[in-house]
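To start, the structure itself, in structure tokens.
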Amino acid sequence: MDDTAIQAVNLGGAAAAQVSIWHLFIQADWVVKTVMVALLMASFWCWAIIFEKSRRLRQLQAAATEFEDNFWSGQGTLEDLYDRIGTRPDDPMESLFAAAMREWRRSTTKGLVTTEAARQALRDRVERVMVTTMSREIERLEHRMIFLASVGSTAPFIGLFGTVWGIMNSFTSIAVSKNTSLAVVAPGIAEALFATAIGLVAAIPAVIAYNKLSGDLGRYSGRLEAFIGDFVAILSRQLQEKA
């Protein structure tokens with residue numbers, strides 16, 4: 001084996017030894033490093049949001065099922081159920097019920113349901129209070145969801161920016177060294193492509209989780225809306241019985 005072949009083998013072995021994730025990061029330009037760190041932090045925060053939202057939605061679905069079982073069980077009156085829940089409900093569905101019952105008690109204790117117009121006004125107020133409470137609870141549940149959407153849509157482009165910057169540096173290295181050998185530009189290109197890879201690693205889970213969590217939130221919101229309709233119907237029937 002001649003000297004040229006031996007040098008080529010040694011060069012290839014040295015390059016292979018240094019082509020690792022850590023070396024790709026360490027040897028990258030400071031701009032590319034900044035892009036990588038920002039994407040990694042965004043990915044970490046996305047996973048924290050995903051785990052927190054998934055856990056919270058599972059808890060809320062279980063709590064809603066338990067509350068609906070108590071609500072439709074027929075054991076005691078709505079007043080008894082409201083007294084058990086108290087003024088500090090634990091989940092959105094209980095919050096809807098508590099808000100409606102507060103308005104109901106406030107009106108009935110003051111004798112404001114003596115006429116049909118007053119009863120219709122009470123129905124409207126209760127429904128409006130429940131819808132407002134639901135909007136506030138859903139808005140609280142959607143907190144930080146916009147971050148998932150933002151990462152999912154922008155992370156690939158941020159990684160692409162790091163890639164373009166790294167490739168520009170590689171071509172600059174060619175111009176400075178006046179050497180078109182692949183060994184000159186390969187490290188810079190690898191670092192640049194690594195930035196794109198991190199961008200995709202951050203974006204793909206964020207997009208999938210955002211779609212999944214949005215669907216879960218939509219189903220939970222529909223469940224709350226159905227409860228509002230059921231409660232208003234029960235309220236209307238009780239008001240008719242009082243007439």
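Every read-out reported here was derived from the displayed coordinates using simple, explicitly stated rules and does not represent laboratory data. For clarity, every value in this text was computed on a predicted model and none was experimentally measured. FYI the Cβ positions are ideal-geometry reconstructions off the backbone, even for glycines, and counts take in every protein chain you see.
Calculated FRET efficiency, Asn211 to Asp124, Cβ-Cβ distance, R0 = 35 Å: about 0.45 to the nearest 0.05. Shape class for the stretch 28-242: prolate, because the ratio a/c of the largest to smallest gyration tensor axis (alpha-carbon atoms, square roots of eigenvalues) is 1.5 or more and a/b beats b/c. Packing around the peptides 61-74, 139-152, taken as the average count of other Cβ atoms within 10 Å per residue, puts them in this order, highest first: 139-152, 61-74.
Peptides 198-210, 42-54 ranked from most to least packed give 198-210, 42-54, packing being the mean of other C-beta atoms within 10 angstrom over each peptide's residues.
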